[in-house]
Amino acid sequence: MRKFYEGGFQVTMTRREAALILGVREHTPTDKVKEAHRRVMIANHPDAGGSHYLASKINEAKDVLLGKTKGGESAF
Amino acid sequence: MAAKILANLIVMGGGILARAVVQAYRQALTNASKNGVAQEAIQNTIRRASKAMSEQEARQILGVTEETPWEEIVRKYDTLFENNAKNGSFYLQSKVHRAKECLEAVHQSKGQGPQGSSSSSTPS
């Protein structure tokens, strides 16, 4: 059985941490990232017993991996 | 006659110089390995990782407050742990586990206080 990761979340989220949170690789394509984000978010949804803090971390992880300043994505 | 002495001096001098250069190079290597960028990164991660989770972050991760009873904390932990085991990531599972560990320690230390209720919380 793997040993659990130590400590809390990092102060500034790195790509590496974001990839670990979503369970993907750092250079996974966008659609896989979105798929993983959806899956992990469902497991941690606040309405289903999750916490808002974790949900925000998961969202942040998706933003970090997809590159926050990526143009061409609609804001809606 | 003088040429022989001179030759000796040059050979000895050359040998001493060569040894000094080799020693200096080895010292420079160890210095670099101690102070290089890679070493700094390793030291940073060690310093960060040695910071155990704070109680506040643990409560945020599990979504509980200071008044939340221990049984509810354990229930939230079980739900989150199971959900992340099925559909989440191992990393998130670890954080949930560490959060519960942290709050458990707080709970044990509080249990020494006026309450004194010996609730051995071993989740079966």
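The values are calculated or read from the model by the stated rules, or taken from the named source; none is laboratory data. Worth saying up front: this structure is predicted, and the values here are computed from it rather than measured. Note that each Cβ is placed from the backbone with ideal geometry, even for glycine, and that neighbours are counted across all protein chains shown. Keep in mind that these areas ignore ligands, DNA and RNA; they rest on the heavy atoms of the full protein, side chains included. Shrake-Rupley method; radii C 1.70, N 1.55, O 1.52, S 1.80 Å.
Here are some notes:
- For the range A:23-38, the count of residues that are within 21 Å of B:ARG59 (Cα to Cα) and in a loop (DSSP other than H, G, I, E, B) is zero.
- Some residue of the range B:19-36 being at pLDDT below 90, charged (D, E, K, R) and either open to solvent by 40 Å² or more (accessible area, probe 1.4 Å) or not in a helix (DSSP H, G or I) (or both): yes
- Matching residues in the range A:1-22 - criterion: being within 10 Å of another protein chain (Cβ to nearest Cβ), assigned to a loop (DSSP other than H, G, I, E, B) and either open to solvent by 70 Å² or more (accessible area, probe 1.4 Å) or in contact (Cβ under 8 Å) with a residue 40 or more places away in the chain (or both): A:ARG2, A:LYS3, A:GLU6, A:PHE9, A:VAL11
- Failed criterion for A:ILE42 (all others in (1) surrounded by 18 or more Cβ atoms within 10 Å (Cβ to Cβ); (2) facing chain B (nearest Cβ under 9 Å); (3) not basic (Lys, Arg) hold): (1)
- Filter result (more than 28 Å from the chain's Cα centre (by Cα) and facing another protein chain (nearest Cβ under 9 Å)) within the range B:63-78: B:ARG75
- Answer residue from the range B:65-82, given it is in contact with a Leu (Cβ under 9 Å, 6 or more places away or on another chain) and not β-branched (Val, Ile, Thr) and is surrounded by the most Cβ atoms within 10 Å (Cβ to Cβ) among those: B:LEU80
- A:SER51 meets the conditions (1) within 12 Å of chain B (Cβ to nearest Cβ); (2) within 10 Å of the chain's Cα centre (by Cα) in every case but one. The failed one is (2).
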